[in-house]
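The values are calculated or read from the model by the stated rules, or taken from the named source; none is laboratory data. Computed from a predicted model, the values in this text were never measured in an experiment. Glycine also receives a Cβ, built like all others from the backbone with ideal geometry; neighbour counts cover every protein chain displayed.
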Amino acid sequence: MDWEDYRKRGAEAAAWAADYHATLRDRPVRAQTKPGDILRQLPDQAPEEAEPLDDILSDLDSTIMPGMTHWQHPRFFAYFPANAAPVSVLAEAYISAIAANCLLWQTSPAATELETRVCDWLRAGVGLPDGFSGVIQDSASTATLCAVLTMRERALDWTGNRKGLSSQPRLRIYASTEVHTSIDRAIWIAGIGEENLVRIPAGGRTRAMDPVALRRAIAEDRAAGHLPAGVIACVGGTSIGATDDLAAVMEIAQEEGLYTHVDAAWAGAALICPEFRALWTGVDRADSIVLNPHKWLGAQFDCTAHFIREPEDLVKTLAIQPEYLKTHGADGVINYSEWSVPLGRRFRALKLWFLLRAHGLSGLRDMIRNHVRWSETLCDKLAALPQIEIVTPPILSLFTFRIATDDPAEADALTQRAVQEINDEGRIYLTQTRVDGRLVIRFQAGAWTCEEQDVDVAYDVIRETALRLAG
Ligand SMILES: Cc1ncc(COP(=O)(O)O)c(C=O)c1O
């Protein structure tokens with residue numbers, strides 16, 4: 001294939017994409033295949049000779065697509081969304097065409113400077129004050145890893161990378177029981193060890209970490225000769241949307257001289273709406289914050305915004321400059337690879353630029369407000385059914401429920417059956433979690449094309465299933 005073929009094939013791909021999206025409502029949301037179904041249809045070895053593109057495209061439709069779960073389906077209510085506005089998908093086509101590696105300023109000056117600008121637009125858009133600098137990472141997991149590495153280095157007076165951890169005091173990092181597993185993995189990868197991730201109990205309506213327990217844990221660790229390094233707080237945790245009291249956490253962390261990182265991977269997008277910002281009161285005192293425009297703002301996956309108060313600390317932690325990466329004659333520029341774990345970087349800023357310009361903050365706010373309102377209405381309607389028990393109330397567009405019976409073991413079993421039967425049936429897609437050890441079903445609205453009628457379908461499906469199972 002050459003670029004003249006691409007001209008024709010690219011137009012066909014655009015038509016395929018539009019057809020795919022136009023027919024999503026007719027498809028089951030979750031793939032209806034069994035493990036191994038697709039693998040069995042794929043040849044054991046790569047072809048030795050070139051194959052015609054028409055054959056590849058035909059196999060895409062016949063072999064691959066039946067095995068896809070449709071993340072852009074309007075009735076995808078599982079996990080958190082990875083919602084993709086058409087304009088950001090279009091931007092990805094341009095990003096692919098340019099195919100730049102944006103590691104240093106000089107490898108792509110416009111990409112670097114655009115990244116600086118769009119991160120600043122987003123910073124102001126979610127109400128973060130001047131003084132935070134932004135960088136686009138591939139995922140929230142990477143941003144959190146960067147934060148944990150910075151905590152580690154700062155606590156060790158910048159000696160960890162050089163000396164390793166074996167002769168150092170035991171580092172301690174604090175987070176509630178509600179944080180995402182990306183925090184555990186960051187602690188593993190940073191060499192700190194899971195046993196040094198101190199779990200602070202969480203409670204109350206938003207399952208916030210207990211500040212008294214946090215203060216006590218830090219004091220006990222100091223008394224034991226350990227080295228407290230940082231606190232990771234969450235705003236909109238994955239399971240039920242748990243949200244810490246950031247003002248209380250920041251107060252303690254600052255008194256104790258600890259680095260603070262806020263994981264708002266999902267909920268952060270909603271904070272473009274001023275009325276939701278009470279969720280993260282106190283965030284302006286954090287050292288770093290992560291939010292994913294690829295979850296709920298319409299930026300095609302992947303696109304993570306990472307805001308940092310002192311980028312010099314991150315650069316001190318991650319920058320490494322062999323001769324071949326020096327940018328002689330371009331002093332004072334930002335080389336974003338020094339703010340990230342991977343050296344190579346995609347041109348992600350372009351899709352954020354397309355998205356923010358094509359929809360404006362007000363268009364994006366409308367989408368988020370609709371999702372929150374429709375979820376709250378659905379929660380009220382389900383609460384009125386005797387067969388359903390709402391377990392955690394909506395935090396933004398996320399709430400949890402279970403099939404109601406007096407016997408907890410029976411409720412767990414029926415709830416498990418409900419989520420399975422709903423997903424096998426395919427009109428909507430939901431996932432489960434545990435609250436206080438008991439099984440619950442999560443509902444959250446966030447698909448780009450979700451309309452009120454799709455949430456109405458969710459009500460019908462959940463009601464029918466609950467009536468069938470709980471009688
Ligand atoms: C609260 C929270 N933090 C972090 C992550 C990890 O996000 P990513 O896939 O961008 O690494 C998730 C993923 O759902 C999440 O819900």
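Odds and ends about this structure:
- R7 vs. criteria of a type in the set (D, E, K, R), away from the ligand (no atom under 16 Å from the Cβ) and touching a strand residue (DSSP E or B) at 6+ places or on another chain (Cβ under 6 Å): no
Residue-wise test of (1) over 20 Å from Q254 (Cβ atoms); (2) in contact (Cβ under 8 Å) with a residue 12 or more places away in the chain.
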site: A208; (1), (2): no, yes
site: V212; (1), (2): no, no
site: R216; (1), (2): no, no
site: E220; (1), (2): no, no
site: L227; (1), (2): no, yes
site: V235; (1), (2): no, yes
site: T238; (1), (2): yes, yes
site: G241; (1), (2): yes, yes
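- Within the option set G268, G203, G257, G298, being within 16 Å of the ligand (Cβ to nearest atom), touching a strand residue (DSSP E or B) at 6+ places or on another chain (Cβ under 9 Å) and among the small types (G, A, S) holds for one residue only, G268.
- Test for I334: is it more than 22 Å from R117 (Cβ to Cβ), at pLDDT below 95 and not in a helix (DSSP H, G or I): no
- Qualifying positions in the range 204-237 - surrounded by fewer than 18 Cβ atoms within 10 Å (Cβ to Cβ) and β-branched (V, I, T): V212
- Restricting the range 160-182 to residues that are buried (at least 23 other Cβ atoms within 10 Å of the Cβ) and of a type in the set (A, V, I, L, M, F, W, C), the residue that is farthest from P211 (Cα to Cα): L171
- Cβ-Cβ contacts under 8 Å between residues 6 or more apart (or on different chains), taken from a first residue in the range 251-271 that is under 22 Å from L156 (Cβ atoms) and in contact (Cβ under 8 Å) with a residue 40 or more places away in the chain to a second residue that is part of a loop (DSSP other than H, G, I, E, B) and within 16 Å of the ligand (Cβ to nearest atom), are listed as H261/A286.
- Residue list for the range 428-441, restricted to those being more than 16 Å from T69 (Cβ to Cβ), in contact (Cβ under 8 Å) with a residue 40 or more places away in the chain and of a type outside the set (V, I, T): R434, R438
- Close pairs from the range 130-149: first on the phi > 0 side of the Ramachandran plot, partner within 8 Å of the ligand (Cβ to nearest atom) and of a type in the set (G, A, S), Cβ under 8 Å, at least 6 apart: none
- Hits in the range 66-109 - residues which are of a type in the set (A, V, I, L, M), part of a helix (DSSP H, G or I) and touching a residue at least 12 places away in the same chain (Cβ under 8 Å): V87, V89, L90, A91, A93, I95, I98
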